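The values are calculated or read from the model by the stated rules, or taken from the named source; none is laboratory data. Keep in mind it's a predicted model, so treat the numbers as computed, not measured. Because the Cβ atoms are built from the backbone with ideal geometry, glycine has one as well, and the counts that use them run over all protein chains shown. Side chains are part of the model used for accessible areas, which takes the heavy atoms of the whole protein and leaves out ligands, DNA and RNA. Shrake-Rupley method; radii C 1.70, N 1.55, O 1.52, S 1.80 Å.
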Amino acid sequence: MNIIFLGAPGAGKGTQAEIVAQKFNIPTISTGNIIREALKTGTEMGLKAKSYIESGKLVPDEVVIGIIKERLEKGDCGNGFILDGFPRTIPQAEALDAMGIVIDKVVDIEVPDECIMERMTGRRVCGSCGASYHLIFKKPAQDGICDSCGAELVQRKDDAPDTVADRLSVYHEQTEPLKSYYSDKNRLGIVDGLGDVADITERVLSVLEDKA
């Protein structure tokens with residue numbers, strides 16, 4: 001089964017993608033990971049991407065799409081795959097279609113923006129050992145101090161309120177239109193992303209069982 005996972009940053013799609021990948025024994029293909037792998041192995045598209053990255057520019061769509069194509073041609077994708085982080089835009093989805101890649105199901109994990117803000121801006125990490133905490137869901141015994149090593153907890157730049165708000169804005173503007181794109185193709189399944197991981201997984205699997 002060829003699957004795409006959609007969802008705003010912090011919606012938990014990465015976790016669900018990994019669970020489904022293990023269940024169906026198919027690879028999860030994350031755009032960031034395969035770009036790094038292409039750079040490491042020095043593929044034609046990887047070298048093209050390297051030139052943009054080294055000059056501080058965004059890797060253009062045609063290069064990202066080329067790297068995706070290279071990855072999907074590998075043998076472990078023969079029984080299916082999960083795309084996590086691609087496509088991000090309508091043009092990328094159209095390019096995927098132009099490659100002749102048939103997508104069986106698109107799973108959109110829906111979480112309200114206010115919940116995502118709470119999840120992401122509440123995260124804290126230990127600056128020394130890297131242990132993770134949350135101001136609401138996983139509090140340290142002493143405010144601002146790591147339980148494991150006693151070092152100070154910090155908020156990552158990616159979890160700062162302004163950064164999270166900007167990422168959500170980009171998602172709604174550029175990626176959310178994919179819901180209509182795949183709904184028109186009768187491929188979209190919407191999943192409530194609130195609750196325990198096991199409950200969300202059950203909803204995801206229910207959507208995947210309906211492959212019409």
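The Ala198 and Gln142 beta-carbon pair, evaluated with R₀ = 35 Å, returns a calculated FRET efficiency of approximately 0.70. Helix 197-209 and the longest principal axis of the C-alpha atoms of the chain enclose an angle of approximately 10°. Within straight-line reach of Lys50, meaning a Cα separation under 20 Å, sit the following lysines at least 8 residues removed in sequence or on another chain: Lys40, Lys69.
Test of understanding: what is the full-extension gain from Thr89 to Lys23, defined as 0.36 nm times their sequence separation minus their Cα-Cα distance? Provide the component values of the computation, followed by the final result.
Numbers: separation 66, 0.36 × 66 = 23.76 nm, distance 2.79 nm.
Contour length minus Cα-Cα distance gives 21.0 nm.
Under the combined filter of DSSP loop state and at most 15 neighbouring Cβ atoms within 10 Å, the range 95-171 retains these chymotrypsin sites (Phe, Trp or Tyr not before Pro): Phe137.
For the chain, what is the calculated [θ] at 222 nm in deg cm²/dmol (nearest 500), taking -39500 (n - 2.57) for each run of four or more DSSP H residues and dividing by its residue count?
Working: 9 runs with 93 residues, N = 212.
When only DSSP H runs of four or more count, the value is -13000 deg cm²/dmol.
How far, in nm, would the chain grow between Glu73 and Val102 when pulled straight, counting 0.36 nm per residue and subtracting the alpha carbon separation?
Values: separation 29, 0.36 × 29 = 10.44 nm, distance 1.33 nm.
Taking 0.36 nm per residue and subtracting the Cα distance, the gain is 9.1 nm.
Between the range 4-65 and the range 167-212, what's the alpha-carbon centroid distance in Å? Between the Cα centre of the range 4-65 and that of the range 167-212, the gap is 19 Å.
Order the peptides 86-99, 197-210 from the highest to the lowest mean number of other Cβ atoms within 10 Å of their residues. Mind dumping the intermediate values first?
Values: 86-99: 16.9, 197-210: 14.4.
The packing order, highest mean first, is 86-99, 197-210.
3J(HN,Hα) along the range 70-82: 4, 5, 5, 7, 6, x, 6, 8, x, 9, x, 6, 10 Hz, from the Karplus curve 6.51 cos²θ - 1.76 cosθ + 1.60 with θ = phi - 60°, whole Hz, x for Gly and Pro.
Amide H to amide H distances under 5 Å link Ala151 with Cys146, where only residues 5 or more positions off or on other chains count and H is placed in the peptide plane.
For the range 53-86, state which GluC sites (Glu not before Pro) are in a DSSP loop and have at most 12 other beta carbons lying within 10 Å of their beta carbon.
Within the range 53-86, the qualifying GluC sites (Glu not before Pro) (loop, at most 12 other Cβ atoms within 10 Å) are Glu73.
Say a paramagnetic label sat at a point 7 Å from the Cα of Leu135, along Cα to Cβ; which residues of the range 156-178 have their backbone N under 17 Å from it? The answer is 156-166.
Accessible surface for the chain, divided over its residues, is 54 Å² per residue with a 1.4 Å probe.
Listed values (i) 38, 19, 17; (ii) 30, 23, 17; (iii) 41, 25, 18 include one computed from this model; for semi-axes √(5λ) of the Cα gyration tensor in Å that value carries the label (ii). Relative to the longest principal axis of the Cα atoms of the chain, helix 31-41 runs at roughly 70 degrees.
Bridgeable lysines around Lys138 (alpha carbons under 25 Å apart, same-chain partners fewer than 8 residues away excluded): Lys13, Lys157.
Could you check how much of the accessible area of the chain is carbon and sulfur, as a whole percent, using a 1.4 Å probe?
Details: 5550 of 11490 Å².
Carbon with sulfur: 48 percent of the solvent-accessible area.
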